[in-house]
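The values are calculated or read from the model by the stated rules, or taken from the named source; none is laboratory data. Quick caveat: nothing in here was measured; it's all calculated off a predicted structure. Backbone-built Cβ (ideal geometry, glycine too); neighbour counts: all protein chains shown. Keep in mind that these areas ignore ligands, DNA and RNA; they rest on the heavy atoms of the full protein, side chains included. Shrake-Rupley method; radii C 1.70, N 1.55, O 1.52, S 1.80 Å.
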Amino acid sequence: MGEEESPQITRRTTRASSSNPNLNSAAETVLHNCNSQPLTHNDLVYGDEPISFDDLICSFPGRRIQILELLQLLGPLNSPVIPLFIYGGACRGKTSTVLQIFRHLNRPFVYSSCLTCYSPRILFESILNQLLLHRKHEGNGYSSAKRCERPSEFVNLLREALGNIINSLKGNMGKSNSKKLVGQAKGQIIYLIFDNLELVRDWEKSSNILPFLFMLYDIMKMPEVGLIFISNTSPDTYYFNTGYTEPVPLYFPEYTEDDLRQILMRNQCNPKLYSSFLDVLLRPFSRITRRVDELSTAFPALYKKYCEPLSDLGIFPNEKMKRMLFSHLQPHIAPSLNEIFRVEAGHNKDKAKGKGNARKAGVSEASDEVEFHMSTSAKYLLISAFLASRNPATLDASLFDSTGGSDNRKRKRKSSVKSVEQKETAEQELLMKGPGTFPLERLLAIYQCLTSVEECSFDEEQGTDGLGCENGDSGLMSDILLQLSSLCSANFMSKGGSCPLEGSTRYRCTVSEDMALKVARSLKFPLSKYLYRR
Amino acid sequence: MLSFLPFQYLPLQSKTPSMGQKSLAEQAQILLRSRLCNPTFIFTLFSDSPDSNHSKLKFIISSSVTEACNNSVLLLGPRGCGKIAVLELVLDDLRKEYHDLITVIKLNGLLHSDDNCALKEIARQLCVEHQLMFSKMASFDDNSQFMVAMLRECGLAHKTVIFVLDEFDLFAQGKQRLLYSLLDAMQSVTSQAVVVGVSCRLDADQLLEKRVRSRFSHRKLLFLPPSREDLQRLLEHILLLPTDSSLPHDYVADFNAKLLNILAGEKFKEIIETLSNSDLTFNHMLRFLFSAVCYMDLESGFMSLDNFKAALSTIQRQPKLECLKDCSILELYILVCMKRLEVKEPDTYNFNSVMKEYKSIHDSFQTSDYYARNVCLRAFEHLLQCELISVVDNRGLSQSIEFRPVRLLISCHELNQGLKSHRSCPVILQKLVDREG
């Protein structure tokens, strides 16, 4: 909304620049000059060239009905509107449709998203800044025009700001002529758009703020304001004990397969080829998900594979070619369905290219290595945490005795009916309860045991290799608590509640067994010997 | 569902470059929309009869103005029944009658339930009303002293201060300091004040503390949703175009004739019946009428029955069913697995048990839709986002999503309906759900 200046970079004072006062003031005057045009109420429109109705419909395939309905609800110029509630799942084009409609209508609006404005104060101040035509720049220290924390202040300030804006819009009407229609805001009604409303439910003061937002229209009692709420969840998920005046709902359904095809075909250099590609692939993939963002990230890699046998990417495929391409792609379809949500780590792509030719078709591309770098001590800590979560505490003594081995465990038991049943219930428990918690001391004990074992073997291997590892407290024991907190913030471990009797906090390892095995393999650590299998 | 939606929208802005002219249909639509957004217009209809709430309220307040006494009254009724609208009408009337003798202070429980906020707002409004300087830095004690002093002065000058406390039940939370100080000031100081509390809780006066309740007169006015006859009168009052407006006479006559025809028809009465069965309040009706007016065909310039039908389907939505229809097939599988688990073991279950059930379905029926665990986890998260399922505990981040107990938020019937109306639901899923009953 409004012309977007390039973001101002804060200048840190260096000794050179502060010793040279002329430099600073010259820079400031330059900055001041580019900011010298104040914002006017005409900046409250979308800003770019307004688009025609046909362009609007064409740019949103599958949304014709919703666009028409929204245009009807907004109504002709200067018609009052009760609050609207636009909802639908993620990635269905709600925000972009609404904004483009306002571009088409060229009416003034104020947009704020509850994602970027993550607290009531920031939300209120963002709206007021836009209405008061205030721009944050270096000159005013990037502060807002007015400080506003509470809904009561917000209502008063909003009323004032809206009154000013509407007066200037009315003045606009008086002296408007057909010459300058482009860039002039149309109408005397200003619309407030609240996006991502479902996030407000998780705010601290949501029991106050959410009813307040819904009742804002009734509290303000100004017919020159229209409210539009955009949310990912339906209106029945906003439930208050005392109720609220419900806005008019408008639903954005998920795209049909034809709409998806139209959307994915845009900006393709060879539409016919891509269309034959989609013929093959769209249906199986849309059984899993129909969200545009997920499909559009899954397809490019497959498209590359589809086009591999073609020498010229600009040709139009005929039936025979289509069949050939399909048979080339087919073995890759099934595994790629299971990889649809896979995020490619950057450096892996290069490695995969190198190894790609050697791989058989159909084998999954998951690498056997951990895809990111972890320090050795962190890896050991992770393995110890995994063992602590999976094994019951009573086994520690036998597993981690002075020999460091677990060979004493191989006692074969007769599998009677009762023990099979016990095994099943124990498995069920593991499925249901998940990994167990352990106190910090246990983790450190296991860690120390493991690393001491490794160092013995390490020293044996290295022999007289003078790497300078001390026995006992080696470099592997340093900064353990630091490693622990980074594992926690990487979500490999979670911190549970602390028992008030025992006093220490308990941790839980949330890493899957595959991941732990990968990490152990990279350390050449025999993890499976230590895992307790019931 | 949206088959009645008339989509003959013409972008009239491009056809009439000069902004002054609007077509007749647009003007009529704007007139109707402004009426629907203006509560005072709607409730003037009910203000003439002598035993209406309007007259009673007017009597209470005007008598306390003329007789120079204090008073308090509660307006109670479900949301959207016109309490504030009627109050505004009464206040407008009183302002016309007694010009300077009335000061109105408006507070809202959503905004001012905190005592500091409330007193600051009272002081600010008093300052605005009497053209005094208001300082934002004034403390709570300053403000409360100011309020008491103003009440005394107004009382001596025979001016009545009317306090309107909207969302009165929210003021009754906590210690009720504001209510107590207000009512106490009214009793001790020579003041002329009326406290009007407005609440949608019918037991709002039971929420008051003993000392506050003793100072509060137990006058209550009950606002009810409209009766059928009132509703009919209301429809005509709102929708019929006025004959003395700037619109040409024959257009108005045609419009009104067509509209009366529709309103008298059987189908329309059915629509109103459906609407009233769910919610009888004014607000609900007004939303319905607003949507209907928005769908008015701007080419012909008249309202049709289709507009009302389209508005009905807009207002009465089934969000969970819509959400189900938009689920992908994998998500439907997960929902059916959860349904089966709920039937089998009423205890809690989590994502891992759902995966087990999914695998067992695949093993017994050899479905073609068997996907890996991470794909199913993502579909599971989609379902959590659109609130078809939810986690039962609130342990937050301490457990991974796979282990947290979940449950379905839709009933068996809704799931059945959703599967039936899904555009490409696999037959196996329907069979599985039907089998369970």
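Between chain A and chain B, roughly 6400 Å² of accessible surface gets buried, counting both sides and using a 1.4 Å probe.
Between B:G197 and B:V73, B:L74, B:L75, B:L165, the built amide H atoms are under 5 Å apart, and every one of these is 5 or more places off in sequence or on another chain. Pairs of Cα atoms in the range B:305-346 fall into 5 Å distance bins, from 0 up to the last occupied one, in shares of 6, 18, 16, 15, 13, 11, 8, 7, 4, 1, 0 percent. Note that chain B, at 37 °C in a medium of 0.692 mPa s, gets a Stokes-Einstein diffusion coefficient of 122 µm²/s from its Kirkwood radius over C-alpha pairs.
Distances between placed amide hydrogens fall under 5 Å for A:Y191 paired with A:F109, A:V110, A:G226, all partners being 5 or more residues away or on another chain. Place a point 7 Å from the Cα of B:N277 along the Cα-to-Cβ direction; which residues of the range B:403-430 have their backbone N under 18 Å from it? Residues B:414 fall inside that zone. With θ set to phi - 60°, apply the Karplus curve 6.51 cos²θ - 1.76 cosθ + 1.60 along the range B:224-234 and write out the HN-Hα couplings as whole Hz, x wherever there is a Gly or Pro. Ordered by residue, 3J(HN,Hα) equals 10, x, x, 7, 4, 5, 4, 5, 5, 4, 5 Hz. Of the residues A:F316, A:L278, A:Y217, the one whose Cα sits farthest toward the positive end of the charge dipole of the range A:217-331, with +1 on the Cβ of Lys and Arg and -1 on the Cβ of Asp and Glu, is A:F316. Taking one quarter of the surface of the C-alpha convex hull of the range B:321-436 gives a mean projected area of 6.7 nm². Between the helical axis of B:351-365 and the longest alpha-carbon principal axis of chain B there is an angle of about 40 degrees. Could you give the nm distance between label points at A:E369 and A:A397, where each point is 7 Å from its Cα heading toward the beta carbon? In this crude label model, A:E369 to A:A397 measures out at 4.3 nm. Given a 1.4 Å probe and the protein chains as shown, A:S522 ends up with an accessible area of around 60 Å². Classification of the range B:42-222 by its C-alpha gyration tensor yields an oblate form. The axis ratio a/c (a ≥ b ≥ c) is 1.5 or more, and b/c is at least a/b. Over the range A:253-326, accessible surface divided per residue gives 53 Å², non-protein components excluded, 1.4 Å probe. Note on A:R266 and A:S96: their simple-model spin labels are 0.4 nm apart, each label 7 Å out from Cα toward Cβ. Across the range A:261-271, coupling constants 3J(HN,Hα) worked out from phi with the 6.51/-1.76/1.60 Karplus curve, θ = phi - 60°, read 4, 4, 5, 6, 7, 5, 6, 9, 6, 10, x Hz, and Gly and Pro carry x.
Starting from the Cα of B:F41, step 7 Å toward the Cβ, then list every residue of the range B:222-255 with an amide N under 11 Å from that point. The answer is B:238-242, whose backbone nitrogens lie closer than 11 Å to the label point. Only Cα pairs under 8 Å and 6+ residues apart enter the sum, and on that basis the relative contact order of chain B stands at 18 percent.
At an R0 of 25 angstrom, the distance between the Cβ atoms of A:E513 and A:A490 translates into a FRET efficiency of 0.90. Which entries of A:K320/B:K359; B:K344/B:K420; B:K83/B:K136; A:K170/A:K221; A:K186/B:K269 have Cα-Cα distances beyond 30 Å here? Violating the 30 Å limit, Cα to Cα: A:K320/B:K359; B:K83/B:K136; A:K186/B:K269.
With the whole protein complex present, B:T274 retains an accessible surface near 60 Å², based on a 1.4 Å probe. Between 0 and 90 degrees, rounded to the nearest ten: what's the tilt of helix B:83-97 against the longest Cα principal axis of chain B? So the helix axis and the longest Cα principal axis differ by about 20 degrees.
Our estimate of slack between A:S59 and A:D293, defined as 0.36 nm per intervening residue step minus the Cα-Cα distance, is 82.6 nm.
Close amide H contacts of B:I105 (hydrogens built in the peptide plane, cut-off under 5 Å, sequence separation of 5 or more or a different chain): B:I162, B:F163, B:V164. For the range B:227-315, the average shadow cast by the Cα convex hull is 5.7 nm², which is a quarter of the hull's surface. Per residue, the range B:270-325 exposes 32 Å² of solvent-accessible protein surface, assessed with a 1.4 angstrom probe and all protein chains in place. Counting only alpha carbon atoms, the long axis of helix B:53-66 and the longest principal axis of chain B meet at about 30°. The figure for B:V392 is an accessible area of roughly 80 square angstrom, using a 1.4 Å probe on the protein chains alone.
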